[in-house]
Amino acid sequence: MSNTGKKASHLMSTDTLEEVGAAVAQQKAMERGPKFLPHGCRLFEVASGWESNMIRRDKGVASASTMLELEDAIRSPDVKIVFIPLDAMVTAPDIEKICQRNGVAKTLFKEVRE
């Protein structure tokens, strides 16, 4: 009898590992505490590196590098979580204005250098 079936049943798929990694990275960022923004939006800082890479690659997270992309993500009913990369052309006051203007609660992760 071959052991290949046994080995295969213990392996996690790459997708599962990605999901777990993204969840751990989000949880780690959330432990630092949020900055509360208008209309229930919460902004968390996430360290540049493996944490930000995992969140950025998460299929359930929209990425926004410009104010227009951020506004679109905030307005979209399908988007619950938004990732803002380190090199995004979006400032903290921009984020606050967009949240104020749109009146919907979203979770935002802003990549920062530590």
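F44 meets the stated requirement of being hydrophobic (A, V, I, L, M, F, W, C) and touching a Pro at 6+ places or on another chain (Cβ under 6 Å). Of all residues in the range 55-68, those satisfying the criterion of being modelled with pLDDT of 95 or more and buried (at least 17 other Cβ atoms within 10 Å of the Cβ) are V61, A62, S63, A64. In the range 92-114, the residues that are free of Cβ contacts under 8 Å to residues at least 40 places away in the same chain reach residues that are surrounded by 15 or more Cβ atoms within 10 Å (Cβ to Cβ) and among the acidic types (D, E) with C-beta atoms within less than 7 angstrom, at least six apart or across chains, in these pairs: I98/E71.
Scanning the range 90-101 for residues that are part of a helix (DSSP H, G or I) and surrounded by 17 or more Cβ atoms within 10 Å (Cβ to Cβ) yields I95, I98, C99.
Inspect the range 74-89 for any residue being assigned to a helix (DSSP H, G or I) and of a type in the set (S, T, Y) and give the result as yes or no. Walk me through it before giving the result.
In the first step, residues of the range 74-89 are kept if they are assigned to a helix (DSSP H, G or I); the result is 74-75.
Right, trim to of a type in the set (S, T, Y) and you get none.
Within the range 74-89, none of the residues are assigned to a helix (DSSP H, G or I) and of a type in the set (S, T, Y).
Taking residues in the range 56-68 that are without any contact (Cβ under 8 Å) to a residue 24 or more places away in the chain, and partners anywhere that are acidic (D, E) and part of a loop (DSSP other than H, G, I, E, B), not one pair has Cβ atoms closer than 7 Å while being at least 6 places apart or on different chains.
Answer with yes or no whether E71 is at pLDDT 95 or above, surrounded by 12 or more Cβ atoms within 10 Å (Cβ to Cβ) and either out of contact with any Cys (no Cβ under 8 Å at 6 or more places or on another chain) or in a helix (DSSP H, G or I) (or both). Break it down stepwise before answering.
Details: at pLDDT 95 or above: yes; surrounded by 12 or more Cβ atoms within 10 Å (Cβ to Cβ): yes; either out of contact with any Cys (no Cβ under 8 Å at 6 or more places or on another chain) or in a helix (DSSP H, G or I) (or both): yes.
Yes; evaluated as a whole, the condition is true for this residue.
What do you reckon, is S65 farther than 18 Å from P34 by Cβ and not in a strand (DSSP E or B)? Yes: the conditions hold for S65.
Scoring S52 on the criteria (1) crowded, with 20+ Cβ neighbours inside 10 Å; (2) touching a residue at least 40 places away in the same chain (Cβ under 8 Å); (3) touching a helix residue (DSSP H, G or I) at 6+ places or on another chain (Cβ under 6 Å) leaves a single failure, condition (3).
The values are calculated or read from the model by the stated rules, or taken from the named source; none is laboratory data. Just so you know, these numbers come straight off a predicted model, no measurement behind them. Backbone-built Cβ (ideal geometry, glycine too); neighbour counts: all protein chains shown.
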